[in-house]
Amino acid sequence: GINAEYGTITCFTLARLSEEKQHFTYTLTPTHSEALLMAAAKPGNEKKPYLDVIRSTLEAAMCLQNFASQEVERHNKPEVEWQNHKELLLNPVTIVRNSGEKTLIEGSINSIRVSVCIKKADELDTILAKRFLRFLSQRAENFIVLRRKPVKGYDISFLVTNTHTETMYKHKLVDFIIQFMTDIDSEISDMKLAVSGRARTVVTTYLGAFK
Amino acid sequence: MSRNYAAEIGARGKEITAALNTSNTQAALKAALRDPPYGCTDEKLKADNIATVSGVLRSFKKEADVDKVIDGLTVEEIDVLMKYIYASLAREDSDKILLYWHATTLKKAGGLGCVIRVLADKLNTVV
């Protein structure tokens with residue numbers, strides 16, 4: 001989530017709490033240093049050009065100002081969600097890295113919507129990504145700039161409005177989104193390892209009874 | 001005075017294929033960036049045009065080639081190039097050399113102005 005006052009970023013990892021037979025419970029614990037170590041250990045350089053393009057596009061698109069709704073008086077709506085007035089919207093831009101990974105950046109005068117598609121190598125990745133991102137999206141209030149539902153065709157969406165850029169640092173907001181995209185891949189691969197490890201233990205202990 | 005977009009795009013496409021056949025990627029790029037079809041309403045023509053230009057951009061296999069050719073571009077051509085780069089990045093056959101194109105063009109342009117013009121210029125779009 002974001003600490004609104006200082007615009008800092010904390011990263012979350014899933015930690016297994018307890019294991020009883022087939023019951024597993026999870027909790028999210030903020031471990032900023034652990035996440036940093038993970039990010040440092042992984043060779044993240046392949047994604048760097050992709051993320052650089054996204055970063056510069058976000059910096060250009062995140063120039064937001066307050067704009068009261070033209071249709072309803074005293075209302076203030078994020079125009080990118082409303083999509084009614086073409087003069088208030090910027091050209092949407094898609095950045096495709098490969099068939100599984102792409103980012104859609106839709107801007108407007110007072111808001112910007114960033115939708116991300118995560119790379120999913122196999123079925124297990126699809127299930128894990130869907131669950132994890134739904135878990136995060138449902139807690140969108142805590143993340144402030146997250147959107148509760150991803151845009152159709154994408155896995156997760158961010159909605160940044162002029163109030164966010166006014167109360168938080170713009171460069172930190174861009175950093176948050178880029179950091180999110182960097183960490184998502186390592187999170188999901190760790191979860192995949194954990195699932196297969198647990199499955200292996202379960203199977204060996206279960207089949208050990210038949211030895 | 002309405003432009004004949006089909007004729008322009010067709011002629012440009014032929015020029016580009018000729019240049020690419022002789023591996024003259026610089027001439028191909030110059031041809032690709034000339035007379036962008038702003039205001040064209042035919043979706044298929046625009047898609048074909050972007051496909052051709054995207055092919056030109058992706059024909060640069062080495063990053064050194066990109067660096068060499070980008071020095072010879074004028075300010076207007078940089079703007080048009082940035083629009084084509086974003087249009088090519090939106091396609092499924094996007095290549096990682098396009099990401100390098102983006103970074104180098106941004107450096108040559110000296111700032112985010114060309115990116116902002118891609119986002120905000122709604123009259124002159126290639127897509």
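Read-outs throughout are calculated quantities, based only on the coordinates presented, and are distinct from any laboratory measurement. Here the structure is a predicted model, which is why all the values come from computation and not from measurement. No Cβ is skipped: glycine too gets one built from the backbone with ideal geometry, and neighbour counts run over all protein chains shown.
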**Item:** Residue of B:E77, B:E92, B:E63 that the Gaussian network model of chain B assigns the largest fluctuation, springs spanning Cα pairs under 10 Å
**Value:** B:E92
**Prompt:** Taking the C-alpha atoms of the protein assembly as shown, how large are the radius of gyration and the largest Cα-Cα span, Dmax, in Å?
**Reply:** 23.2, 87
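For region B:1-49, what mean projected area does the convex hull of the alpha carbons give, in nm²?
Working: hull surface 13.3 nm².
Value for region B:1-49: 3.3 nm².
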**Prompt:** Quick one: if you stick a label point 7 Å off each Cα along the C-beta vector at A:E59 and A:K172, how many nm between them?
**Reply:** 1.8 nm
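Apply the a/c threshold of 1.5 to the C-alpha gyration tensor of region A:145-193 and tell me whether it is rounded, prolate or oblate. Intermediate results must be reported in sequence, preceding the final value.
On the way: a/c = 3.54, a/b = 1.59, b/c = 2.22.
Note, shape of region A:145-193 comes out oblate.
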**Item:** Shielding by other protein chains, B:74-87, mean Cβ within 10 Å
**Value:** 1
**Globularity index of chain B, i.e. its alpha-carbon radius of gyration over 2.2 N^0.38 Å** = 0.98
**Item:** region A:90-184: C-alpha gyration tensor shape, a/c 1.5 cut-off, then a/b vs b/c
**Value:** prolate
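Count, for each residue of B:95-105, the Cβ atoms from other chains sitting within 10 Å of its Cβ, then give me the mean as a whole number. Let's see the in-between values first.
Numbers: counts 3, 5, 1, 5, 10, 3, 1, 8, 5, 0, 0.
Mean partner shielding for this stretch: 4.
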**Fill in**
Given a Förster distance of 35 Å, the FRET efficiency implied by the Cβ-Cβ spacing of A:E87 and A:A194, rounded to the nearest 0.05, works out to 0.10
**Fill in**
Whole-Hz Karplus couplings 3J(HN,Hα) for region A:113-126, θ = phi - 60° and coefficients 6.51, -1.76, 1.60, Gly and Pro as x, run 10, 10, 10, 10, 10, 8, 6, 10, 6, 9, 4, 4, 4, 4
**Asked** Roughly what would the spin-label model give for A:R148 and B:N124, points 7 Å off Cα along C-beta, in nm?
**Response** 4.3 nm
**Request:** For region B:77-117, list log₁₀ I(q)/I(0) at each q in 0.15, 0.32 Å⁻¹, using the Debye formula over Cα point scatterers of equal strength and ignoring solvent, two decimals each.
**Result:** -0.30, -1.15
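If R0 is 51 Å, what FRET efficiency do you get for B:A47 and A:R74 from their C-beta distance, rounded to 0.05? Working shown, then result.
Working: r = 43 Å, r/R0 = 0.85.
Efficiency, rounded to the nearest 0.05: 0.75.
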**Fill in**
The alpha-carbon center of region A:143-211 and that of region A:55-114 are separated, in whole Å, by 23 Å
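Across peptide A:104-114, how many C-beta atoms of other chains are within 10 Å of each residue C-beta, on average?
On the way: counts 1, 2, 1, 3, 0, 0, 0, 0, 1, 0, 0.
Counting other chains' Cβ atoms within 10 Å and averaging over A:104-114 gives 1.
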